[in-house]
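**Student:** What follows is a single structure, and I will ask about it in a moment.
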Amino acid sequence: MTRNGIRNSRLDRRAFLGRSLGVVAALALPCSVFGDPMGGPGDVPRVDLPVSDRHRWPPAPERLEPVDESDPNTFVMTRLRYQTLTNVIDQWDAFPQADENLLNYLRRVTNIKVSNKTWQERAVGIEQLEKVFDNPFVFMTGEGDFRLSSEEAVNFAEYFARGGFLYADDCVKGMRTDYFYQAFSREFRKVFPVATMQPVPFEHPIYHCFYDFPEGAPFYKGAPHRDLGLFLDDRLVAFLTAGDLHCNWAGNNPNPNDEKSFQMGVNIIVYSLTH
């Protein structure tokens, strides 16, 4: 048993992460194994575009390099499908092109092997927990209210205990609404008997493992809440942002050319695969 009361029958952490990234032997090393984001020593230095190209950021590749989708060392950005309780436009499948834009950026600035599956192929239902267990990284977004059943809360606890990571971003319709943020922070308190959603300290490595964010994740619109985290013992297993990074990946925010939203997305992915 862990101190949060979860049965610790998790898979070996490195074996679990090995399903999504071919650097299992380097998981204990600094994130610089992916390349120095400032252009210094590293496997794949960051590529800076000319200023005239910034409005097309991140550029879509002319074609995706072939990837062996059966290779367990391929990173898959899984989108979580769930039922929204309120009548809102932006539900679990909001702006899937945003995911593609982030993955294009990830391909440019890291040497992570990224899946070429369509977003529909990467979608997994909240009721399909065995399929969720096959994906060390899961992304969840939306605008409205939702609930976790007791069984789903237990299953998520097992997912996190096995080494899984969930990133959630509030898709904000109005400029100061926070329905998804409030629902997530409430519902994921059900996952562990003792642990609670709490503000993530600014010194936490999720803000510094690849790019540096000394004041937390960028904020674009919505209610100005702190980023929240769910911790299993000392490990961050779920991360929630309120500022609509996802819409910025899609180009739907007032400053869609702001590269920081993509950089924070890279940080979240790299952190999830190295901790």
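The values are calculated or read from the model by the stated rules, or taken from the named source; none is laboratory data. Quick caveat: nothing in here was measured; it's all calculated off a predicted structure. Ideal geometry is used to build each Cβ from the backbone, glycine not excepted, and the neighbour counts take in all protein chains shown.
**Student:** Just need a number here: residues in segment 113-139 that are in contact with a Gly (Cβ under 8 Å, 6 or more places away or on another chain) and touching a residue at least 12 places away in the same chain (Cβ under 8 Å).
**Tutor:** Within segment 113-139, residues that are in contact with a Gly (Cβ under 8 Å, 6 or more places away or on another chain) and touching a residue at least 12 places away in the same chain (Cβ under 8 Å) number 7.
**Student:** Can you give me the number of residues within segment 199-223 that are touching a residue at least 40 places away in the same chain (Cβ under 8 Å), farther than 20 Å from LEU273 by Cα and surrounded by fewer than 18 Cβ atoms within 10 Å (Cβ to Cβ)?
**Tutor:** 1
**Student:** Restricting the first residue to segment 157-171 and requiring it to be closer than 11 Å to PHE231 by Cα, which pairs with a second residue that is of a type in the set (S, T, N, Q) and assigned to a helix (DSSP H, G or I) meet a Cβ separation below 8 Å and a spacing of at least six or different chains?
**Tutor:** That search, which allows pairs on different chains as well, returns PHE165/SER272.
**Student:** Looking at segment 71-86, I want the residues that are closer than 20 Å to ASN104 by Cβ and have a partner that is modelled with pLDDT of 80 or more and among the acidic types (Asp, Glu) with Cβ atoms under 7 Å, at least 6 apart or on another chain. Which pairs are those?
**Tutor:** Here the result reads MET77/ASP99; ARG79/ASP99, each pair linking segment 71-86 to a residue that is modelled with pLDDT of 80 or more and among the acidic types (Asp, Glu).
**Student:** Surrounded by fewer than 23 Cβ atoms within 10 Å (Cβ to Cβ), among the aliphatic types (A, V, I, L, M) and assigned to a helix (DSSP H, G or I), is that true of VAL194? Reasoning before the result, please.
**Tutor:** Numbers: surrounded by fewer than 23 Cβ atoms within 10 Å (Cβ to Cβ): yes; among the aliphatic types (A, V, I, L, M): yes; assigned to a helix (DSSP H, G or I): no.
No: the conditions fail for VAL194.
**Student:** If ASP227 passes every condition in (1) on the phi < 0 side of the Ramachandran plot; (2) touching a residue at least 40 places away in the same chain (Cβ under 8 Å); (3) of a type in the set (D, E, K, R) but one, which one does it miss?
**Tutor:** (2)
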